[in-house]
Structure formats: structure tokens, C-alpha cells
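Only one structure is covered here, and it is reproduced in the block below.
The values are calculated or read from the model by the stated rules, or taken from the named source; none is laboratory data. This is a predicted model, so every value here is computed, not measured. Positions of Cβ are backbone-derived with ideal geometry, glycine not excepted, and every protein chain shown enters the neighbour counts. Quick note on the areas: whole protein, heavy atoms, side chains included, nothing else; ligands and nucleic acids left out. Shrake-Rupley method; radii C 1.70, N 1.55, O 1.52, S 1.80 Å.
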Amino acid sequence: MNIPYSFKIYSSIAELPKNWDDLAVSTIFLSKKYLEILEKSSPENMMCHFIGLFENETLIGIALSQFLDLNQLESFGDRDKCIKTTVRNLVFRNLGSHVLVIGNNMLTGQNSFALSESIDKKKALQTLKSATIALKKMFQSKGKKIHITTYKDFHKEDITSFAIPEFKNDYQFSTQPNMVFHINENWKSEQDYIDSLSKKYRDQHKRARKKAAVIEKRKMHLEDIIALEDTIYDLYFHVAKNAPFNTFFLPKNHFRIFKEIFKDKFLFYGYFIDEKLIGFNTLIKNGSIMDTYFLGYDESIQREKMLYLNMLYDMIAYSINKGFKEIVFARTALEIKSSVGAKPVKMYGFIAHSNPIVNSYMPKIFRYLEPETNWQERNPFK
């Protein structure tokens with residue numbers, strides 16, 4: 001007899017099954033520790049729930065959901081002032097201000113769910129869909145009608161499992177690629193990386209390093225992050241506000257909480273000129289993968305000192321030295337990441353609107369929801 005899987009929805013870490021982390025092996029971003037960070041310092045307009053999938057009494061799948069209330073945002077991003085942006089903002093304000101994400105809107109990559117190996121993946125996705133419907137009813141009972149539901153970010157090989165009746169009305173989309181840097185197993189130091197670059201890109205590296213000669217880079221500990229919290233937030237907010245599109249802003253205590261809980265798995269580097277913090281970047285150790293996280297900088301110094309490019313080189317150097325296999329650079333600033341050697345990886349998702357008429361136009365509407373970027377892929381290697 002084919003018994004369907006069941007699900008439970010949890011609203012706090014304290015409620016999670018004891019063996020939750022046994023399934024969070026594919027990514028650290030479904031582990032209890034990471035979910036605790038979300039519980040303590042998620043964006044103001046975000047509410048997280050955690051989903052357990054069960055076969056009888058056995059936990060066979062875990063998933064993350066994030067509810068976003070876009071009405072709480074003053075701005076979706078200030079950079080692009082054009083008709084398309086205006087239309088997009090209107091669509092979100094009037095048709096899609098309540099968004100339910102199955103996955104993590106703060107990261108790039110498949111951090112939506114993890115399933116035990118022995119189970120029927122399609123059956124698990126049917127159960128996840130049922131859990132999503134239950135979540136929508138839960139929000140509806142609190143007076144928050146979900147307009148848009150989306151499942152993100154999947155690799156091409158993952159999406160075949162979604163070919164089930166439950167997803168037939170969801171529009172399959174592909175957004176900007178995830179920029180991934182694969183570390184050559186023969187590289188043992190930054191110099192090995194530099195030696196593998198073509199002359200043009202070796203010169204770029206040399207020029208960037210020369211420009212940043214006056215900048216001092218420091219690994220920052222918890223007490224340093226706390227001491228400079230206001231400056232850190234100002235630098236972060238400047239970059240975030242000028243992004244082409246935003247659905248949240250981090251709370252001020254986010255990096256402090258991250259460091260408190262993740263300790264050495266969360267790296268925070270400050271960049272200083274004459275003892276003044278002018279930029280920072282953050283990294284998360286995720287098994288053999290290094291995930292880049294949020295950063296911030298003073299725009300005037302960034303341009304003059306090629307600070308962002310130097311940060312990318314620093315992340316590469318560190319990851320090579322520490323024996324990581326790849327770096328996930330995520331999906332902004334595609335061209336500059338490509339110029340240091342990151343390659344685009346196509347990611348897919350599914351999206352549906354609660355109004356069937358609006359949903360039938362989703363292929364057209366989606367073009368307005370996702371900012372388009374034209375960029376040229378580079379190959380810096382010999």
C-alpha cells in the first residue's frame with residue numbers, strides 16, 4: 001500500500017525534531033544553527049517556518065519557508081530609474097506584496113529542502129506542496145493573503161522531479177545565473193591562481209593590488225563586529241539600497257548574531273584606511289564549498305581603490321589556501337566575477353500567483369519581476 005508522506009510545520013527551532021540535522025548534510029543552510037540565526041535576526045519584513053516531511057514517524061525531509069511582506073519596504077532598489085522598474089514596483093505593490101518563498105531568499109543555490117536518499121522524490125515534493133497550501137491557509141487566517149508562491153533555486157537535474165500534476169500551474173523560470181568559481185585541484189596558493197591567468201588578467205590583478213596598497217585588511221572577531229556595528233550597517237545599507245532590486249534589508253544585529261552562532265564558520269573581514277573601516281566582506285564555510293555573503297563599502301573609495309575586485313581576489317586566495325573546492329559568488333555583479341574566473345550556472349525556480357487569471361499571464365508578468373542584466377562573459381585563464 002502506497003501511504004502518502006505527512007508534514008509538520010514548525011515556527012521555532014525549539015520545536016524541531018532532535019534528528020533534524022541528520023538531514024542537513026547537503027547544505028549548512030538547513031542546519032539548526034543556521035535556522036537559529038534566521039530566528040534571531042531575519043529581516044523585519046520576513047517570517048520563517050520550518051517544514052518536516054515524514055514517512056510514518058520517520059523524518060525523511062526538511063525544508064525552509066520565508067514569508068515576505070513587501071509592503072514594509074520603502075524601496076525595492078534605487079539604482080534603476082526606468083519604466084520597467086516603475087511597472088515592476090506597481091506589480092509588487094498591487095498584485096504581489098505577500099510572497100511565500102520555499103527556499104532562502106537571502107542566498108543563492110539549492111537551500112530549499114533536503115531529502116533522505118531512499119525516498120520517492122516526487123512524492124516528497126507532493127507533500128511539500130501540501131505543506132505550502134497549509135502555510136498559505138495559516139497566513140490567510142491571520143489576515144495575510146499570499147499573492148505569490150515561489151520555489152527556488154534548483155539545478156537543471158533537480159527540476160525533473162517537479163514534473164508532477166501539483167506543479168502544472170506553476171511557471172518554470174530561470175533567473176540570473178549563480179556565479180561559481182571552481183578551484184583547480186593543482187592550485188596550492190594564490191600565486192598558482194595568478195600564474196594561470198592570461199597576461200591581460202594578470203595585469204588587472206597587479207593593477208588592483210597596487211591601487212589597494214594603502215588598505216589594511218583585518219579578520220574581525222565578535223567584539224570588533226559589535227564595536228563597529230553602526231559603521232558596518234551603514235556600509236552594508238549603502239550597497240543594498242543601490243542594488244537593482246531588493247525584497248528585504250538585514251537588521252543591524254545580523255552579522256553579530258551570525259558570528260555568535262557560527263563562530264569560525266563565519267568569516268568577517270574589515271578593510272581599513274588610517275584605522276577607519278571603509279569596507280567589509282563576509283564568507284560562510286559550507287562543507288567543501290565557500291559561500292560568499294553580504295558585503296559593504298564606501299562607494300568613492302571602492303571605485304578609486306578597486307576595492308570590490310580586491311575583495312574577490314582575497315576570497316579566492318583564502319579559499320585556495322584553505323583547500324576549498326569551489327566558491328559560490330551568487331548572482332550580482334556578473335561580469336566582474338566572470339573576470340576573476342567565476343562561471344555562470346543556470347538556476348531554475350517555479351512561481352505561481354494565487355489569482356488564476358493573473359497566474360495565466362505569469363510568463364509575461366515575470367519579465368517585469370526579474371531585473372534583466374546584459375553582461376559579457378569573460379575568460380581570464382590562459
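Okay, here's what the table says:
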read-out	value
Calculated Rg and Dmax of the range 6-168 using C-alpha coordinates, Å	16.5, 53
Cα-based reach from Lys18 at 18 Å (exclusive), listing aspartates and glutamates while leaving out same-chain residues under 8 positions away	Glu36, Glu39, Glu55, Glu57
Residue-normalised accessible area of the range 6-168, given per residue in Å² at a 1.4 Å probe	45 Å²
For the range 320-382: rounded, prolate or oblate by the Cα gyration tensor [a/c cutoff 1.5]	prolate
Total formal charge among the other residues, if their Cβ is under 12 angstrom from that of Arg256, Lys/Arg +1 and Asp/Glu -1	-2
Gap separating the Cα centres of the range 118-143 and the range 23-76, nearest whole Å	14 Å
Over the range 179-345, volume per residue of the alpha carbon convex hull, in Å³	118 Å³
Of the GluC sites (Glu not before Pro) in the range 121-195, those whose Cβ has at most 12 other Cβ within 10 Å and which sit in DSSP loop	Glu185
The chain: relative contact order as a whole-number percent, Cα under 8 Å and 6+ apart	22 percent
Per-residue [θ]222 nm for the chain (sum of -39500 (n - 2.57) over DSSP H runs n ≥ 4, rounded to 500)	-10000 deg cm²/dmol
Apportionment of accessible area to carbon and sulfur, the chain, percent (1.4 Å)	51 percent
The chain: most fluctuating residue of Ser196, Ser161, Ser118 per GNM, C-alpha cutoff 10 Å	Ser118
Gaussian network model of the chain, Cα within-10 Å springs - most flexible of Phe139, Phe113, Phe245	Phe139
22 Å Cα-Cα threshold exceeded, pairs from Lys40/Lys259; Lys285/Lys305; Lys156/Lys322	Lys285/Lys305; Lys156/Lys322
Lysines whose Cα lies under 23 Å from that of Lys382, excluding same-chain neighbours fewer than 8 positions away	Lys188, Lys199, Lys200, Lys206, Lys210, Lys325, Lys337, Lys343
Calculated P(r) tail over 40 Å for the chain, as whole % of Cα pairs	16 percent
Of Arg209, Arg367, Arg303, the one that fluctuates the most in a GNM where the chain has Cα springs shorter than 10 Å	Arg303
